[in-house]
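For reference, the structure discussed in these notes is given below.
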Amino acid sequence: MAIITSQSITESGIAAPVRTAAASEGDTWLNSGSEFVEIQNGGEETTVVTFTALVTAFESPTYGLSTKSSGTLTVEGGNTSVIGPFIAAAYNNDTGYCSISYTVTTSVTVAIFTVDTN
């Protein structure tokens, strides 16, 4: 499992975003809850990307017992999709990382972005 570093998008932008080949065993990133993920599928096969929720049931004072599913994104061949952010309390493991898995990794790249508002 590869660790991907988030790239900060500032008022100046990012001239050359870094995209990483999707790892067959999945990827992780340090999730603050404000990142979004770009998936580029340069292949012909569709890939389904799963963002694993670790907390799937919780008690809400307003709504009572609630459930949370893992996030999924279907990216058709030749397309680019963006998803996020991911609530840290639901998606992060005990060290603060969120996990991604892919059904197909051939010609699939991933980039993690955070908007810098400072």
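Give the range 84-108 a look and list any residue that's under 20 Å from Ala16 (Cα atoms) and open to solvent by 40 Å² or more (accessible area, probe 1.4 Å), or say none.
Selection gives Ser107 alone.
Among residues belonging to the range 1-57 that are without any contact (Cβ under 8 Å) to a residue 40 or more places away in the chain and of a type in the set (S, T, N, Q), point out the one that is most open to solvent (accessible area, probe 1.4 Å).
Here the answer is Ser12.
Keeping to the range 60-74, report how many residues are modelled with pLDDT under 90 and outside any loop (DSSP other than H, G, I, E, B).
5
Among the numbered criteria (1) open to solvent by 70 Å² or more (accessible area, probe 1.4 Å); (2) of a type in the set (S, T, N, Q); (3) touching a residue at least 40 places away in the same chain (Cβ under 8 Å), which single criterion is violated by Ser69?
Condition (3) is where Ser69 drops out.
Evaluate the following for Ser32: is it under 13 Å from the mean Cα position of the chain (by Cα) and over 16 Å from Val110 (Cα atoms)?
Spelling it out, Ser32 is indeed under 13 Å from the mean Cα position of the chain (by Cα) and over 16 Å from Val110 (Cα atoms).
The values are calculated or read from the model by the stated rules, or taken from the named source; none is laboratory data. On a predicted model such as this, the values are computed, not experimentally measured, just so you know. Counting neighbours? That spans all protein chains shown, and the Cβs are built from the backbone with ideal geometry, glycine included. Only protein heavy atoms, including side chains, enter the accessible area calculation; ligands, DNA and RNA are left aside. Shrake-Rupley method; radii C 1.70, N 1.55, O 1.52, S 1.80 Å.
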